[in-house]
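Visitor: One structure coming up, written as structure tokens, with questions to follow.
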Amino acid sequence: MARQPYSPAEETANVITHAVGAGLSVAGLSVLVVLAAKYGDALSVVSASIFGAALVLLYSGSIIYHCSGCGRFRAVAQAIDHAMIYILIAGTYTPYTLVTLKGETGWLLFGIIWGLAAIGVIREFVWKGKPKWLSMVMYLAMGWLVIGAFGPLAKNLSTGGLWLLISGGLSYTIGAIFYGFKKIPFTHAVWHVFVLGGSVCHFLSVALYVVS
């Protein structure tokens with residue numbers, strides 16, 4: 001039976017921080033699709049939809065987990081929560097790979113990142129006794145895999161979009177440090193705030209510089 005690792009006050013903070021994210025994500029999904037439909041092509045609309053939907057799934061999964069209490073359902077909810085992180089990482093890559101990079105490089109990176117995400121999602125539900133740190137290592141490795149295509153990306157993405165992309169990655173990475181301090185109260189909520197910051201940066205990058 002999965003135990004409750006956070007105090008009621010901490011769980012309230014955890015839920016509130018990502019409830020804000022869920023609300024913003026629903027609105028953001030609509031904005032992305034409208035911008036892509038107005039300024040882009042069909043692939044832009046699909047890419048924007050995938051990214052926006054991934055944001056909604058990430059924050060919804062987090063809320064479900066932090067509202068799940070104790071018991072067997074919490075373990076399932078936690079697996080869903082962690083699995084949605086892989087989906088968000090791959091979903092974030094999608095507009096950059098299919099709209100900004102395009103061509104062979106874009107499709108190759110798209111296939112790699114979604115392949116890794118699929119492995120990560122399956123692993124969350126199948127490998128019950130996995131080391132907790134391993135998931136975070138995979139998240140960070142996938143997130144910074146973009147360095148391998150930094151040259152073409154910098155050439156095709158404007159400076160503002162590139163800086164927002166990097167800032168979002170740094171926000172997620174700094175937040176991961178707080179995620180590791182599990183014994184300190186409210187550090188998980190702080191991690192949530194950095195996740196929000198990363199999502200906002202990437203949303204602005206995609207909305208302003210990729211699909212519009």
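Visitor: Could you list log10 I(q)/I(0) for region 1-106 at q = 0.19, 0.20, 0.21 Å⁻¹, which the Debye formula gives when each Cα is one point scatterer?
Guide: Evaluating at q = 0.19, 0.20, 0.21 Å⁻¹ gives log10 I(q)/I(0) of -0.89, -0.95, -1.00.
Visitor: Is any helix in the chain, taking whole DSSP H runs, at least 24 angstrom long along its axis by alpha carbon and on average at least 1.6 on the Kyte-Doolittle scale, and which ones?
Guide: Working: long enough: 8-39 (45 Å, 1.02); 42-66 (36 Å, 1.63); 72-95 (36 Å, 0.60); 103-126 (34 Å, 1.29); 159-180 (32 Å, 1.11); 187-205 (27 Å, 1.09).
Answer set is 42-66.
Visitor: Now for a different question. Would you work out which of L140, V46, L196 lies farthest towards the positive end of the dipole of the chain, given +1 charges on the beta-carbon of Lys and Arg and -1 on that of Asp and Glu, about the Cα centre?
Guide: The one lying farthest along the dipole's positive direction is L140.
Visitor: Let me ask something else. In which sequence would I89, I166 go, from the one with the fewest C-beta neighbours within 10 Å to the one with the most?
Guide: Values: I89 24, I166 14.
Going from least to most buried by this count: I166, I89.
Visitor: Treating only the Cβ atoms of Lys and Arg (+1) and Asp and Glu (-1) as charged, compute the dipole magnitude of region 8-210 about its Cα centre; round to the nearest 20 debye.
Guide: Working: 11 positive and 6 negative charges, 80 e Å.
Roughly 380 debye, rounded to the nearest 20.
Visitor: For the chain, what mean projected area does the convex hull of the alpha carbons give, in nm²?
Guide: For the Cα atoms of the chain, the hull's average projected area reads 10.8 nm².
Visitor: Next question. Between rounded, prolate and oblate, where does region 99-212 land on the alpha carbon gyration tensor, with a ≥ b ≥ c its root eigenvalues, rounded for a/c under 1.5, else prolate if a/b exceeds b/c?
Guide: Details: a/c = 2.63, a/b = 1.37, b/c = 1.92.
It comes out oblate by the Cα gyration axes.
Visitor: Which is the longest part of the chain that has none of the trypsin sites (Lys or Arg not before Pro) sitting in a DSSP loop with at most 10 other Cβ atoms within 10 Å? If you can, show how the numbers build up before the last one.
Guide: Details: sites that count: R3, K128, K183.
The longest uninterrupted stretch comes out as 4-127.
Visitor: Which one of G103, S68, V34 is farthest out on the positive end of the charge dipole of region 1-103, using unit charges on Cβ (Lys, Arg +1; Asp, Glu -1) and the Cα centre as origin?
Guide: G103
Visitor: With an 8 Å cut-off on Cα pairs and a minimum separation of 6 or more residues, tell me the relative contact order of region 8-210 in percent. Spell out each step's value before the answer.
Guide: Numbers: 233 pairs, mean separation 46.0, N = 203.
In percent, rounded to a whole number, it is 23.
Visitor: Right, next: What is the Å³ per residue value for the convex hull set by the Cα atoms of region 50-90?
Guide: Numbers: hull volume 1.7 nm³, N = 41.
Taking the convex hull of the Cα positions in region 50-90, it is 42 Å³ per residue.
Visitor: Still on this model: What is region 1-86's relative contact order, in percent, from Cα pairs under 8 angstrom and six or more apart in sequence?
Guide: On the way: 79 pairs, mean separation 33.8, N = 86.
That works out to 39 percent.
Visitor: Quote to one decimal, in nm, the extra length available between V31 and L140 on full extension: 0.36 nm per residue of separation minus the C-alpha distance between them.
Guide: Using 0.36 nm per residue and subtracting the Cα-Cα distance, I get 36.5 nm.
Visitor: List the aspartates and glutamates whose alpha-carbon lies under 12 Å from that of K182, not counting same-chain residues fewer than 8 positions away?
Guide: Partners found: E10.
Visitor: Moving to a separate point now. How much length is gained if the chain between K128 and A19 is pulled fully straight, taking 0.36 nm per residue apart and subtracting their Cα-Cα distance, in nm to one decimal?
Guide: On the way: separation 109, 0.36 × 109 = 39.24 nm, distance 2.75 nm.
Between K128 and A19, full extension yields 36.5 nm more.
Read-outs: derived from the displayed coordinates by stated rules, not from any lab. Predicted, not measured: the structure shown is a model, and the values here were computed from it. Quick reminder, even Gly has a Cβ in these numbers, built from the backbone with ideal geometry, and neighbours come from all protein chains shown.
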